[in-house]
Structure formats: C-alpha cells, structure tokens
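The next block holds one structure in the form of structure tokens; read it before the comments.
The values are calculated or read from the model by the stated rules, or taken from the named source; none is laboratory data. Because the structure is predicted, anything quoted here is derived from the model rather than measured. Cβ placement follows ideal geometry from the backbone for every residue including glycine, while neighbour counts extend to all protein chains displayed. Heads up: the accessible areas ignore ligands, DNA and RNA and are worked out on the full protein's heavy atoms, side chains in. Shrake-Rupley method; radii C 1.70, N 1.55, O 1.52, S 1.80 Å.
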Amino acid sequence: MNVYDSEQILQRLQTIGYRQCDSPDKADLIVLNTCAIREKAEQKVYSFLGRQAKRKQHRPELLVAVGGCVAQQEGRRLLERIPHLDLVFGTHAVGRLAGHVERIRKNGGRIVDVDMDGGGAIFDGLEPLDAPSGPSRFVTIMQGCDNFCTYCVVPYVRGREVSRPPSQILSEIRALAGSGVREVTLLGQNVNSYGAKEGYGSFADLLKKVSGIDGLARIRFTTSHPKDLSDELIDCFAALDRLCRHIHLPVQSGSDRVLKRMNRRYRRADYLDKVGRLRSVCPDIGITSDFIVGFPGESDEDFADTIDLMRSVQFDGVFAFQYSDRPSAPASGFAGKIDDTVKKRRLAELLDLQETITLCKNRALVGSVQQVMAEGPSKKNYFQEAHRTALWTGRTPQNRIVHFALDTPTHGGGMMAPGTILNVRIEEAFSHSLRGTPEIERPNQHGRKGVDSHAA
Ligand code: 5AD
Ligand code: SF4
C-alpha cells in the first residue's frame, strides 16, 4: 500500500514539473512517505528527518515534506519537533500535495494538511503512473479500515473504510494491461469487505470482472481478514485461472483468549476451518500470515497455542512482529505488558519454527516444474562468463521466489522481457527461495511452446 501511495505522490509531483532523481543530494524536494504500524517504523521517520537538517543547511532552497500515516498521526507536532520541515500531508491529502508544494515555493511558509475527507473523494484523480516500471503493479480498491483491532493504528490514521467504484478500478486495470502490465495486486486493508457499504457487489464479483481483462496473466490481492473470508471468494481460487493460488491471511495469534482481546472476532477453530476449506478447493494454495508476539497479557500458554497453530497450519511463509504500543490504539492502555526479552525470545522461537517448515516445504518442490513470472535480473545478479548465464528472479503463483539462470545462446544474451511466464524445473531449495532452470521445450500455462513472450 505504501509503494502504491508513493507512486501516487510521484505522479502528482510530475504534474508540476518534478522528476524522480537517484540521490537525495540532487533533490529539490525530499518527500518521506511514512508508516506508523509499529513503533520501529515511526522511529525511522525521526532519524531520517534528523539527517536532513544538514542537507537543508547547505541548500536552504531544498524542501522537505512528510506524508503518510506518521504525518496523519502527528500533524502539527511534526512541524514543532522538526524545524527544517516544510510540509506535513496526511493520508487523505495526496490529491492536494501539488498545490501545497507550489504554494510553499511561491510564498514560503510551512503547511500542515491532515484533513480527512469523508466518502470517496480520496480516490479522485487516482491514476496509474505514465510509464509502468515493470510487469507487476498495485491497484488500490479501498482505503481505511472499520475493524478496530485493539493493537492497530490503521483505522485512526487511514480513516473509515471506503471502497473505490468498480468502474474506476476496471478502467485503471484495463489501461495498465494495455500498456504491458501482466500482473496486478488489488490492495485494501481488508479486501473481503470490498463494496459492502457502498453496495458495489462482493469482492468475488470484482475479481471475476478483473479476470476478464485481456492481457492480464496474473491477479493477486491483499489483505484478507479471516472473519470476512467468504465461501464465494474461496471458490474463486478454483474457478478463476488467472487468480494466483496464494492468500495472505493474517491470524495474529493462535490463542482464543488473545484473539478476543485483540478484537479479531474469529476463534482459532474458525481460522483452521477456513484454511481447511481453502485447501480442499485448491490443494496447492500458498497460505501466508502475520503474527504478533507479546500482545499485552499473552501468557506462555497463549504463546504455546500460537506455536501449535503454526505447526498445524504449516504456512508457506509468515511475517511476525513484537507487539508495540501505538498511540490511540486501545491496547496501549491494556494491562499485562510483556517484557522485551520475552517478546524477543517468543519471536525467535516462532521464526525458527517457520524457517524449518518453509525449508521442508521448499525441499518437497525440488524436481517439480513451477510456472514462474520473470520479474527481472536477480538482486544478487551475477554474470558468469564461464557459464554464460545471468541470474533472474521471478515468482510462482504461490508467491514463492525463484532464482533461475538464463542461458545466453537460448535466451537472447541472458535477456528476456520482464513479465514472461516460463516453466522452471526446481533444483535447489532454501528457506526463503528456490533455484531452478527454465524448461525451454515444454508448453507453458497458456499451452504455448517455449518462452512466453511479453507481447503474447
Ligand atoms: N505491534 C506489532 N505489530 C503490529 N501489527 C499491527 N499493529 C501492530 C502493533 N501495534 C502487525 C500485524 C499486522 C501487520 C501489518 O502489522 O501483524 O497484520
Ligand atoms: Fe488494523 Fe485490524 Fe484493520 Fe488490519 S483489520 S488494518 S489489523 S484494524
């Protein structure tokens, strides 16, 4: 979501003549888009902003702006705390950003805009970037959240849930597909309740419409709240070919007592039931999740329930976090705060167990052929003169990362259009990725032979 918001920020600034540059030292304007979800993310904001003081001393004409959730949460306090800051714009102010920057350029002064619009005004003028930067793009389908989990700051900094009209979403995706984008990820805090308030039809309805758009090869979505995961949506995993077989389904805890105090409004048994249904409809679905350890009052027994849930579900990957107090979230006032050392120990135990599970699941894939969408040269890219290979990265429908070698003579000098889908035989498994070799002669998922070209 933050990546998407940053793209929107860039888009707005381009309308008044700004261009992205590759170093803050060359910038006339530095925009920091911030996250307030955990304390650590917020601390990073202050250390980054602190470092800009020197830059601004050297170049007083430089403008420094802060947007996103920390901006929304702190508002004017940010200006008071950071004397070299020019602009604070909240989560609903992106559409007004260009005007604010121009005003400061012309008249000087400092601006705080943390007004929250009601209704759907937040989506006005949302546009895809002019030039898609790769084969995959995010598309926001809703903003805000009405769930009020007791640890979470999102409903306070992003406001109430508002869904974007289907016509707007579909025309954005059609435009993206027309310009070569092959994969879209539909974004919302809780996509399962998409359109419920507005009467737009269900999220499953939207998925069905998106999957009819020409040129798209893959559709993903995130995030799903377990309490709202419907049978209709679960059935989409079997019915829609282009829907990737992956779901991110944050569970947060395996203890009913903790889930209740978190206000998650499902029980452990409900969660396990939904996982069972997903797997019966789509046996090879990848399931990933989020966990919080050390929620106030979490006992050793509660934590043991979480470990037990992790063992029984056998997730394909997880994100796990130590609980941190967030201003305005009710749990910050809960009794029974857990010691940092206990949180650390629990987090390490959880991540260790998951690492064993992922490695074991990845090893079981050695020898199999996976459909991989090539994203680009691997970050750890190397070019081996001796073997004339280049290392590329892509993802399976289950969202597993696969590194594969491109053989120079067969693949046009180790080059290939990002977005190409190819069959890769898996040869080696690691705890966070797989490595394999493309199968050149086998038909791919569209029944065509060889490497599926970007334009096909
Ligand atoms: N402390 C720790 N983790 C949190 N998350 C949300 N709020 C907090 C908090 N106060 C985690 C949840 C959520 C993910 C995006 O961040 O696991 O799913
Ligand atoms: Fe936060 Fe809960 Fe909403 Fe997710 S569903 S954004 S955790 S309040």
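Checking the range 172-183 against the condition returns a match, with at least one residue being open to solvent by 20 Å² or more (accessible area, probe 1.4 Å), at pLDDT 95 or above and in a helix (DSSP H, G or I). Quick check on His411: is it outside any strand (DSSP E or B) and modelled with pLDDT of 75 or more? It is false that His411 is outside any strand (DSSP E or B) and modelled with pLDDT of 75 or more. Could you go through the range 263-285 and let me know if any residue there is β-branched (Val, Ile, Thr) and farther than 18 Å from Leu229 by Cα. Within the range 263-285, none of the residues are β-branched (Val, Ile, Thr) and farther than 18 Å from Leu229 by Cα.
Whenever a residue of the range 144-156 is in contact (Cβ under 8 Å) with a residue 40 or more places away in the chain, its partners that are more than 7 Å from ligand 1 (Cβ to nearest atom) and acidic (Asp, Glu), lying with C-beta atoms within less than 8 angstrom and at least six residues away or across chains, give the pairs Gly144/Glu161; Cys145/Glu161; Asp146/Glu161. Only residues that are touching a helix residue (DSSP H, G or I) at 6+ places or on another chain (Cβ under 6 Å), open to solvent by less than 10 Å² (accessible area, probe 1.4 Å) and of a type outside the set (Ser, Thr, Tyr) were counted across the range 188-198, and they come to 1.
Across the range 110-127, what is the total count of residues that are modelled with pLDDT of 95 or more and open to solvent by 50 Å² or more (accessible area, probe 1.4 Å)? Residues meeting the conditions: 1. Tallying residues that are open to solvent by less than 10 Å² (accessible area, probe 1.4 Å), over 14 Å from Asn263 (Cβ atoms) and within 14 Å of ligand 2 (Cβ to nearest atom) within the range 154-166 yields 2.
Within the range 21-36, identify whether any single residue is open to solvent by less than 40 Å² (accessible area, probe 1.4 Å), away from ligand 2 (no atom under 16 Å from the Cβ) and assigned to a loop (DSSP other than H, G, I, E, B), and answer yes or no. Within the range 21-36, one or more residues are open to solvent by less than 40 Å² (accessible area, probe 1.4 Å), away from ligand 2 (no atom under 16 Å from the Cβ) and assigned to a loop (DSSP other than H, G, I, E, B). Among residues of the range 37-56 being open to solvent by 50 Å² or more (accessible area, probe 1.4 Å) and in contact (Cβ under 8 Å) with a residue 24 or more places away in the chain, the one that is farthest from Pro330 (Cα to Cα) is Arg55. Quick one: is Pro226 away from ligand 1 (no atom under 16 Å from the Cβ) and crowded, with 17+ Cβ neighbours inside 10 Å? So Pro226 does not fit the description; no. Pairing residues of the range 198-226 that are under 23 Å from Gly180 (Cβ atoms) and within 16 Å of ligand 2 (Cβ to nearest atom) with residues that are open to solvent by 30 Å² or more (accessible area, probe 1.4 Å) and not in a strand (DSSP E or B), at Cβ distances under 9 Å and at least 6 apart in sequence or on separate chains, gives Thr222/Met1. All told, Ser433 meets the bar of being at pLDDT 90 or above and polar (S, T, N, Q). Highlighted here are the helices (runs of 4 or more DSSP H) found entirely within the range 255-370 that include at least 1 residues which are in contact (Cβ under 8 Å) with a residue 60 or more places away in the chain and within 16 Å of ligand 2 (Cβ to nearest atom): 256-261.
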